[in-house]
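Read-outs throughout are calculated quantities, based only on the coordinates presented, and are distinct from any laboratory measurement. Note that the structure is predicted; figures quoted are calculated from it, not measured. When we count neighbours, we look across all protein chains shown, and the Cβ atoms used for this are built from the backbone with ideal geometry, even at glycine.
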Amino acid sequence: MLERLDETPPQIIMQVAAEFAADHRANKIDLGIGVYRAEDGTTPILQSVLEAERRLLKSETTKSYLGPAGDPDFNLAMSEIILGRHSAQGRISIVQTPGGSGALRLLFDLIKRANPDATIWLPGPTWANHVPTLTQAGLKHRTYRYFDSVTLGVDFAAMRASLEQVPETDVVLFHGCCHNPTGADLSAEQWDAITQIVQERKFTPLVDIAYQGFANGLEEDAYGVRSLLAHTPEMFIASSCSKNFAIYRERTGMAIAISANADIAALAMGQMRDLARVGHSMPPDHGAAIVRTILRDPELSDIWKQELEDMRLRISEIREALATAFRVRTNSDRFDFLATHRGMFSLLGITPQQVGRLRDGHAVYMVSDSRMNVAGLRHEQIGQFVEAVLSVID
């Protein structure tokens with residue numbers, strides 16, 4: 001039977017990670033896989049997480065199942081972080097999921113059940129896992145204009161023109177903040193304009209918010225979600241705790257559906273529980289328990305918020321230092337976009353061939369489309385990185 005299977009293409013990010021691991025050069029730089037790294041190059045466990053785990057170890061009394069919807073206190077606590085104070089109570093359906101990827105798959109399956117003919121509109125470009133996940137769910141997709149490859153910023157005029165063609169029956173996916181892979185984010189004014197388009201066109205928004213707190217701050221990064229929530233009768237949200245709690249391997253996320261009224265929300269919740277039961281049965285508990293413990297304790301919550309802010313500021317400092325180093329070295333503003341982008345990623349704007357030359361000649365690793373994880377760079381490596389980039393583009 002198995003010999004009939006087709007060979008699968010390599011997962012690009014995992015391939016970059018494997019090539020980096022096999023490289024024995026002492027000066028190698030890993031800007032591929034999307035994990036936060038501190039100045040010493042490690043991906044640390046936050047002190048708030050360590051303390052929450054210590055408390056759980058002392059207080060936990062069972063390893064029994066949570067149920068398909070997961071931990072209700074985690075769901076409530078995280079929804080408050082994302083949605084803030086809102087008037088959608090009674091319209092919200094929430095299921096805890098195995099990471100943000102699990103949330104996306106569950107929501108795509110929910111959309112497939114609700115409207116099998118729906119098309120999912122994705123920004124161009126978008127996170128590499130979006131298309132495979134929605135395709136596996138049996139959905140169609142189209143692309144709307146988002147990124148300007150010349151300015152390396154948001155092409156909002158083209159984006160608006162694309163969205164004004166979306167039919168009412170379709171779903172449009174937006175990145176809540178820290179747009180992956182481009183790093184080019186929407187402003188608050190642009191989010192307001194998007195909200196107006198959603199109201200006029202009546203399509204359903206789906207917000208993928210995997211990096212809340214990494215762009216401009218925990219509250220600021222929720223602006224787009226909350227703008228849509230306040231003016232849209234129906235929407236979906238996929239959230240991840242991997243980045244902002246640095247609990248990557250714990251696979252902690254949540255899927256949220258906002259319905260027009262409480263009766264529809266009850267229908268959605270029943271379907272979401274059923275999809276969870278079929279897809280993964282019960283969600284893993286440890287990561288959700290960590291997050292719940294932190295968010296429900298004011299002292300731990302304050303520590304976590306400061307640690308999150310420290311991570312955000314380090315990324316911002318790296319961006320500023322990179323842009324400055326390029327400006328000094330080139331006497332131009334060509335790379336100033338690195339300081340205006342937000343979050344962990346930026347598209348550097350070089351060709352796959354030049355990315356290959358960075359790898360082979362300079363031990364600098366990134367995805368072939370030039371998506372680089374800015375958080376993987378240390379201050380001491382900035383000069384080396386700048387010289388390597390300039391050597392391959394000259």
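Numbers for the structure displayed
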| read-out | value |
| --- | --- |
| Residues of the range 9-33 that turn out to be of a type in the set (S, T, N, Q) and surrounded by 14 or more Cβ atoms within 10 Å (Cβ to Cβ), as a count | 1 |
| From the options 212, 136, residue that is crowded, with 17+ Cβ neighbours inside 10 Å and closer than 19 Å to residue 238 by Cα | 212 |
| Matching residues in the range 256-277 - criterion: being assigned to a helix (DSSP H, G or I) and over 13 Å from residue 97 (Cβ atoms) | 262, 263, 264, 265, 266, 267, 268, 269, 270, 271, 274 |
| Enumeration of residues in the range 1-59 that are of a type in the set (Val, Ile, Thr) and either within 25 Å of residue 180 (Cα to Cα) or assigned to a loop (DSSP other than H, G, I, E, B) (or both) | 8, 12, 13, 16, 29, 33, 35, 42, 43, 45 |
| Identity of the residue in the range 302-314, within 30 Å of residue 73 (Cβ to Cβ) and touching a residue at least 24 places away in the same chain (Cβ under 8 Å), that ends up surrounded by the most Cβ atoms within 10 Å (Cβ to Cβ) | 304 |
| Residue under evaluation residue 6, criteria (1) under 28 Å from residue 127 (Cβ atoms); (2) loosely packed, with under 14 Cβ neighbours inside 10 Å; (3) touching a Phe, Trp or Tyr at 6+ places or on another chain (Cβ under 9 Å), criterion not met | (3) |
| Selection count, the range 333-358, where residues are charged (D, E, K, R) and touching a residue at least 60 places away in the same chain (Cβ under 8 Å) | 1 |
| Cross-chain or 6+ apart pairs with Cβ under 8 Å, the range 148-165 first and touching a residue at least 60 places away in the same chain (Cβ under 8 Å), then of a type in the set (Ser, Thr, Tyr) and surrounded by fewer than 17 Cβ atoms within 10 Å (Cβ to Cβ) | 153/340 |
| Selected residue [outside any helix (DSSP H, G or I), farther than 18 Å from residue 130 by Cβ and under 12 Å from the mean Cα position of the chain (by Cα)] from 183, 253, 217, 213 | 213 |
| Any hit, the range 199-208, residues being over 19 Å from residue 134 (Cβ atoms) and crowded, with 17+ Cβ neighbours inside 10 Å | no |
